[in-house]
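Structure, as C-alpha cells:
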Amino acid sequence: MSDEPQPQQPDQGLPDEGQPERPRRTGWRRIIPTWRMLLGGFVLGVLLLIGLFYLGYSTVKIPAANALATKQSNVYLYADGSQIARDGEVNRENVSLGQISKDAQHAVLAAEDRDFYTESAIDPKAMVRAGWNTVTGKGKQSGSTITQQYVKNYYLAQEQTLTRKAKEFFISIKLDQEKTKDEILEGYLNTSYFGRNAYGMQAAAHAYYGTDAADLDPAKGAYLAALLNAPSEYDVVAHPENRPAAEARWRYVLDGMVKKGWLSASERTGLKFPMPKEATVPTGMSGQRGYLVEAVEQYLVENRIISSDELEAGGYRITTTIEKPKQDAFVKAVDDRLMSKLDKKNNKVDNYVRAGGAAVDPGTGRVVAMYGGVDYVKQYTNGATRRDFQVGSTFKPFVFTAAVQNESTTRNGNRITPNTRYDGTNKRPVEGWNSAYAPENEDQVSYGDVTVRQATDKSVNSVYAQMAVDVGPDKVEQTAIDLGLPSATPELNPYPSVALGVATASVLDMAEAYATLANHGEHGTYTMIDKITKGGSEVVELPERRTRQAVSREAADTTTSILRSVVENGTATAAQAAGRPAAGKTGTAEEDTAAWFAGYTPDLATVVAVMGQDPVTAAHKSLYGAIGLERVNGGGPPAEIWAQFTKDALKGTPASDFSLRLQEGAEEWDLPEVPPTTGDPSDKPSDETTPGTGGQENGGADQGGTQGGQTDGGTTTGGDSTGTTDGGTTDGGATDGGAADGGGTGDPTTGGGTDGGGTGDPTTGGGSTGGPAGGTTGSGASTGTTGPVPQYTIRL
C-alpha cells in the first residue's frame with residue numbers, strides 16, 4: 001500500500017459544497033407555471049390545432065351547388081286570406097369572365113376584396129382591415145374574401161352559424177387549391193345578388209342599365225359593385241332618400257380602383273354618378289301588388305322579424321293587415337280623382353304626376369290600405385314609403401301639439417291656445433331666434449293679427465314659424481318623433497323652418513303620426529303583419545305591439561279641434577265630402593313639387609300625397625299646370641282622394657263624432673250661420689267704422705270698443721276681456737274664425753274681417769267700412785255690428 005495520499009471521491013449523496021441549493025417554490029409562486037410548462041403547453045396547443053385543422057380539412061368535402069334555382073316562393077296574403085302575390089322567380093344569366101368588362105371586374109374587387117389575386121382563400125389581414133375601416137368610417141368592406149363569399153353563395157346556405165362558418169373556412173381553402181382565381185371570380189360574379197331580383201353581373205347590368213355586362217364602364221360598374229354591400233338600400237330609384245349613402249359607397253369603390261392602379265385619377269375626376277333606370281319587374285307584381293310586397297318585406301327586415309337572407313331563401317306564408325275592400329277603394333279614389341284626369345300626350349307636366357297614400361286604424365295601428373303608385377311595373381318607387389318629398393304644412397299640427405304638451409307661451413308670456421293671437425304678416429321676422437328668418441306666406445298674403453285657429457285654417461307660415469321658436473324647435477322635433485316620425489327623418493332638425501314642413505317623412509310615417517293624434521295621443525308603432533308561417537306549420541313569432549301616451553290627451557285633442565276647423569272653414573273643405581266628422585291639414589312642398597292632405601276620422605287616419613317627378617331623371621318637378629289646374633295644392637286632388645276613399649272605406653260603419661278633452665281655455669267654437677243683415681247692403685261706403693263688440697286685429701288701429709283687442713303700445717280694454725301685444729302676439733279674444741256679423745265678408749287677400757256689411761281694409765287686415773260685401777268669410781276680426789250678436793256653441 002502506497003504512502004501517497006489517495007484522491008477522495010466526492011460523496012454522491014451530498015450537495016456540492018461549492019453550489020448553493022436551489023430554493024424551493026413556496027407560497028403563491030407555486031401556482032405560477034414555469035417557462036418549461038408554458039413552452040410545453042404552447043407546443044401541445046399547436047399540435048392540437050394542427051390536428052383539428054387536419055381533421056376538418058379531411059372530413060369537409062366540397063359539396064354540390066345549392067339548389068337556389070328551386071328555392072321556395074313567399075306567399076303574401078290580404079287580411080282575409082286571399083292572395084296578394086307570390087314571389088320566387090330568379091333572374092340570372094351566367095356568363096364567362098370574358099363577357100364581363102374589366103372595369104366591372106375591377107370595381108367589384110375594389111369594393112369587396114382588393115388583394116384577391118395575391119392573397120390566399122382566407123386572409124386574416126382583410127378581416128382586421130375591414131373591421132378597422134368600419135370603425136373609423138372609411139367605408140364598409142367585407143371581412144370575408146371573395147372566395148369565402150362565393151362558397152357561401154354557391155355551396156352553402158345563408159344561415160349565420162358557427163358550423164356554416166367552419167365549413168366555409170375549409171371549403172374555401174380546398175377550392176382555392178382546385179380552382180384558379182379567374183374561375184372563382186367568375187363564379188362569384190354569376191352568383192352574387194344585386195337587388196331587383198337580379199343574380200349575377202349580367203342580370204344586374206340589364207336590370208339597372210339595360211346593357212350587357214361587357215359594356216359596363218367604370219361609373220356603372222362601380223355602382224353595381226356598391227350594390228353588393230346593400231342591394232335593396234342602395235337602389236336609388238326605389239329609395240331616393242338613400243342616394244347620399246349610395247353615392248358615398250360608389251365613390252369609395254372608385255377611389256379603391258384608383259389606389260390599385262385600375263383607374264387613372266384624371267378619369268376618376270370626370271366621372272358622374274350614373275343614375276340607373278326605372279326597374280322592370282315581372283307582371284306578377286303589377287298594379288299595387290309589388291308596392292305592397294316591397295313595403296311588407298321592408299317592414300319585416302327593419303323590425304328584425306325576418307332577415308333579407310331568410311326572405312330570399314323563401315318558404316314563408318305572410319298574412320298582412322291590408323284589407324282588400326279598402327285597398328280597392330284607395331285605388332279607385334286615386335284613379336277617379338287624379339289619374340283619369342291626366343293628359344300625358346298634350347300636357348308635359350302630367351307625365352310627372354305620382355301619388356302615394358296610406359291608411360292606418362288609429363286604435364290598432366294596423367295599416368289597412370296603401371297606394372304606392374300607378375303600377376309597380378311602370379313606376380318602381382313606392383310613393384307610400386319614399387322619404388324624399390317635403391311634407392309641407394301637414395307638419396304644422398305637430399308644432400301646436402308641442403305647444404300644448406309643453407305648456408308653451410308667446411313672447412309676452414301668454415299661454416298658447418287655439419285662441420292665442422299672432423301677427424300673420426307676410427315675411428315678418430321671427431323673434432327670439434339667433435339668426436334672421438322671415439318666411440313667406442303662400443302667395444305673399446299678409447293676414448295681420450289672427451288667432452292660432454285662423455292661422456291653421458289659412459296655413460299661415462309666419463305664425464307657425466314664430467310659434468316654433470316660442471315652443472322651442474328642439475321640443476317641436478321631439479314631439480314629432482313621439483307622435484310617430486322616425487328620428488332619422490331627413491331634414492327633421494331643430495330650426496324654425498321645421499314648422500313649415502321641410503322634413504321629408506314618408507306618407508306612411510305621417511299616417512302613423514296622425515293616427516296618434518286621432519287616438520288621443522296614444523302611440524303604437526304601425527303594423528303590417530297579422531301572421532307568418534313557414535313550411536305550412538311553423539309560426540314565426542311577431543313582436544308584441546306596445547303603446548304609450550306619446551303626448552297628453554289634451555294636447556292631441558286640442559290639435560284635433562283646430563284641425564276640424566281646417567276641414568270646416570279652412571283649406572280642406574273638400575274633405576267634407578267624406579260625409580262624417582273629420583280633422584286634417586293640407587300641405588305643399590317648396591316649388592309645388594308635392595301636395596299633401598293628412599286627415600282622420602275617429603276610425604281611420606289617412607294621408608295622401610301627389611308628387612312631381614321626372615320619369616327619366618327622377619328629379620323632383622313642379623306640379624304647376626298639372627291635370628289642367630294652375631296649381632295642385634293639398635285642398636285639391638289630395639283632399640278629394642282622401643274624401644272619396646274615406647267615404648267608401650268606412651261605408652257601413654256608423655259615423656262617430658270626436659270625443660275631445662281640450663286644454664283649459666281652448667273651447668271649440670262652432671261657427672254660426674251668418675244672420676240676416678240689418679243694414680242695406682247697397683249703402684255707400686263710409687269712412688267711419690261702426691263701434692261695436694268686435695275690435696280690429698291690426699295692432700290697435702281701431703279706436704272703437706274691443707273684446708280681446710290690443711294695441712301696439714299697451715293694452716286696450718273693452719268688452720269682457722283684455723289682450724296685450726308683444727312682438728305681434730296676443731292672447732284672448734272671443735272671435736274664432738273671424739265670422740262676420742251683418743252679412744259682411746273679409747277681403748280675400750288680407751283675411752280682414754268685416755262687420756255691418758262692409759269689406760275689410762286691404763291694408764290693415766281688419767276694420768270695416770260700410771258697403772257691399774266681397775271676398776271670403778271667416779278671416780280677420782269684426783269691427784262693429786249693427787245686427788244681433790251671434791250666439792256661439794261651446795263644446796268642451
Restricting segment 333-351 to residues that are over 13 Å from Pro638 (Cα atoms) and out of contact with any helix residue (DSSP H, G or I) (no Cβ under 7 Å at 6 or more places or on another chain), the one surrounded by the most Cβ atoms within 10 Å (Cβ to Cβ) turns out to be Asn351
Residue count, segment 513-552, condition more than 20 Å from Val476 (Cα to Cα) and of a type in the set (S, T, N, Q), comes to 4
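In segment 555-578, how many residues are charged (D, E, K, R) and surrounded by fewer than 19 Cβ atoms within 10 Å (Cβ to Cβ)?
Within segment 555-578, the first condition is being charged (D, E, K, R), and the residues that meet it are 557, 564, 568.
Next, only the ones that are surrounded by fewer than 19 Cβ atoms within 10 Å (Cβ to Cβ) stay: none.
Count: 0.
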The number of residues in segment 440-479 that are crowded, with 20+ Cβ neighbours inside 10 Å, assigned to a helix (DSSP H, G or I) and charged (D, E, K, R) is 5
Out of (1) without any contact (Cβ under 8 Å) to a residue 40 or more places away in the chain; (2) assigned to a loop (DSSP other than H, G, I, E, B); (3) crowded, with 21+ Cβ neighbours inside 10 Å, the one Leu263 does not meet is (1)
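Looking only at segment 388-408, how many residues end up being part of a loop (DSSP other than H, G, I, E, B) and within 16 Å of Gly599 (Cα to Cα)? Don't jump to the end; show me each part of the working.
Applying the first criterion (part of a loop (DSSP other than H, G, I, E, B)) to segment 388-408 yields 388-391, 406-408.
Narrowing further to those that are within 16 Å of Gly599 (Cα to Cα): 391.
Result for segment 388-408: 1.
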For segment 387-439 the number of residues that are surrounded by 20 or more Cβ atoms within 10 Å (Cβ to Cβ) and on the phi > 0 side of the Ramachandran plot is 1
With the first residue restricted to segment 401-420 and required to be without any contact (Cβ under 8 Å) to a residue 12 or more places away in the chain, and the second required to be surrounded by fewer than 20 Cβ atoms within 10 Å (Cβ to Cβ) and not β-branched (Val, Ile, Thr), Cβ contacts under 7 Å at 6 or more apart or on different chains are Glu407/Arg415
Expected single match for closer than 17 Å to Arg196 by Cα, basic (Lys, Arg) and in a helix (DSSP H, G or I) among Arg243, Arg251 is Arg243
Per the list (1) within 15 Å of Arg196 (Cα to Cα); (2) in contact with a Leu (Cβ under 8 Å, 6 or more places away or on another chain), residue check on Val293 breaks on (2)
Here the qualifying pairs (Cβ atoms under 8 Å; residues six or more apart or on different chains; first in segment 540-560 and within 20 Å of Pro397 (Cβ to Cβ); second of a type in the set (D, E, K, R) and assigned to a loop (DSSP other than H, G, I, E, B)) come out as Arg553/Arg661; Glu554/Arg661; Asp557/Arg661
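Which of the residues that make up segment 220-247 are small (Gly, Ala, Ser) and either crowded, with 21+ Cβ neighbours inside 10 Å or free of Cβ contacts under 8 Å to residues at least 40 places away in the same chain (or both)?
Filtering segment 220-247 for residues small (Gly, Ala, Ser) gives 221-222, 225-226, 230, 232, 238, 245-246.
Those that are small (Gly, Ala, Ser) and either crowded, with 21+ Cβ neighbours inside 10 Å or free of Cβ contacts under 8 Å to residues at least 40 places away in the same chain (or both): Gly221, Ala222, Ala225, Ala226, Ala230, Ala238, Ala245, Ala246.
None of the figures in this text is laboratory data; all of them are computed from the coordinates on show. Predicted model only: the values in this text are computed from it and were never measured. For neighbour counting, all protein chains shown are included, and Cβ atoms are generated from backbone atoms with ideal geometry for every residue, glycine included.
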